[in-house]
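Please read the structure below before turning to the comments.
Since every read-out is calculated from the coordinates, none of them should be taken as a lab result. Quantities reported herein were computed from a predicted structural model and do not represent experimental measurements. Using ideal geometry, Cβ is built from the backbone for each residue, glycine included, and neighbour counts are taken over all protein chains shown.
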Amino acid sequence: MLIVLRFLLGLAEAGFFPGIILFLTYWFTAKDRAKMVGFFMAAIPLSSVIGSPLSSWILTGVDGAMGLAGWKWLFIIEAVPTIILGVVVFGYLTDKPEDAHWLEADERDALAASLATERANREAIRHYSLGQSLSNPRVLALSAVYFGNVTCNYGLSFFMPQILQRFGLSVTEVGWLVTIPYLIGAIAMVFWGRHSDQTGERVWHVAAPLFLAGVSFIAASYAGSLTLALIALSFAAIGIFSSLPTFWTLPTGFLTGAAAAGGIALINSLGNLGGFVGPSIFGHIKQVTGQDSYSLLALALFPIIAALITVALGHDKVLEMAGQRAEPATAR
């Protein structure tokens, strides 16, 4: 039953993230997109900042209350805010600026016009159909980049507590220390996405953090003290999370409409296979060798390869920023 429910949970949330990335393209032009994606995605590491100590407390402090085990209370307590926010979001958010009653009429018109110009100018340069986006080599390559990020991300998320526990910490101490890399990663994510928008540079704002993540995993594998391990894992979190806001400007920088919806969904689907691969590789190597260090070295390969693919792909800044041009672009 637990496995069935976990499958249904995955089924229910599968469309959320790619849907939000597409949704943000309906509200923000390319020049602000990395910054806004960064603000949105900062919720991922921040949820761990709050969730890790909260989960530790629930597992130990509420265990046995009303005859329920701590892990059952964990599911109940952490589900309630999600349900409430689902109702609030459904009633508050609108699909597009034109429908936003909480904006002034001139604000709605100006934003809608900017977004329409961006889409028209980009499609004048190159328009992709849904089928073309799903078979586009660039989309498939970006799936590989995202796969590399997700693999090390999930490996870090699942096994960072175990890595820290090898230094003799209690469950509660680990729960608090785990928040440090995630908090640093969240801050870096917001500032790095903003910096990408300010400079207009995309490729190295994705590749450099991925390189950093790979090197940090290697450093963590050799860390001989809690302090060094925590520093290395913090830099790994910076690399993993700060690459993500700018990464999602790459597919939305050349895809629009149904093509963007399909392309984003495909990248997200293929990339999230790393959520299975990362923990599996880490767990298998640790089981065989009895050490975390070799598992971390294996995970380090994935962000480094993803960084190399990103650099090889490059980015068409003219196409992404077509909406900023005064006149529609000519087809080519």
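The figures follow:
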{"item": "Anchor Lys31: lysines whose Cα lies under 22 Å away (excluding residues fewer than 8 positions away in-chain)", "result": "Lys96, Lys317"}
{"item": "Positive dipole terminus of the chain, leading residue within Leu297, Pro181, Val88 (C-beta point charges)", "result": "Leu297"}
{"item": "Per-pair calculated FRET efficiency, R0 = 22 Å: Phe16 and Glu107 via Cβ, rounded to 0.05", "result": "0.20"}
{"item": "P(r), alpha carbons of the range 122-222 - 5 Å bins starting at zero, rounded %", "result": "2, 9, 14, 18, 17, 14, 10, 7, 4, 3, 1, 1, 0"}
{"item": "Relative contact order %, the range 247-301, counting alpha carbon pairs below 8 Å whose residues are six or more apart", "result": "22 percent"}
{"item": "Environment charge at Arg202 (Cβ cut-off 14 Å; Lys +1, Arg +1, Asp -1, Glu -1)", "result": "+1"}
{"item": "Proportion of all alpha-carbon pairs of the range 202-303 beyond 25 Å (%)", "result": "29 percent"}
{"item": "Full-extension gain in nm, Met66 to Val318, via 0.36 nm per residue minus C-alpha separation", "result": "84.6 nm"}
{"item": "Between the range 193-266 and the range 1-37, the alpha-carbon center distance in angstrom", "result": "18 Å"}
{"item": "Reachable aspartates and glutamates from Lys35, criterion Cα separation under 14 angstrom, eight or more residues apart if same chain", "result": "Asp197, Glu201"}
{"item": "Chymotrypsin sites (Phe, Trp or Tyr not before Pro) restricted to DSSP loop in the range 135-218 with at most 16 other C-beta within 10 Å", "result": "Phe167"}
{"item": "Cleavage-rule hits (GluC sites (Glu not before Pro)) in the range 80-189: DSSP loop, at most 10 neighbouring Cβ within 10 angstrom", "result": "Glu104"}
{"item": "Net charge dipole size for the chain [Lys, Arg +1 and Asp, Glu -1 on Cβ; Debye, nearest 20]", "result": "760 debye"}
{"item": "Contour minus Cα-Cα distance for Gln165 and Val80 (0.36 nm per residue)", "result": "27.6 nm"}
{"item": "Phe90-Gln198 pseudo-label distance in nm [points 7 Å out on the Cα-to-Cβ vector]", "result": "4.1 nm"}
{"item": "Mean shadow area of the chain over all directions, Cα convex hull, nm²", "result": "18.7 nm²"}
{"item": "Normalised alpha carbon radius of gyration of the range 191-237 [divisor 2.2 N^0.38 Å]", "result": "1.38"}
{"item": "Span-rule helices in the chain, defined as complete DSSP H runs reaching 18 Å or more along the axis (Cα) with Kyte mean at least -1.0", "result": "43-61, 70-92, 105-125, 137-165, 179-199, 203-222, 226-247, 257-271, 274-289, 292-313"}
{"item": "Positive-end residue of Pro53, Ile76, Thr151, charge dipole of the range 43-188 with Cβ unit charges", "result": "Thr151"}
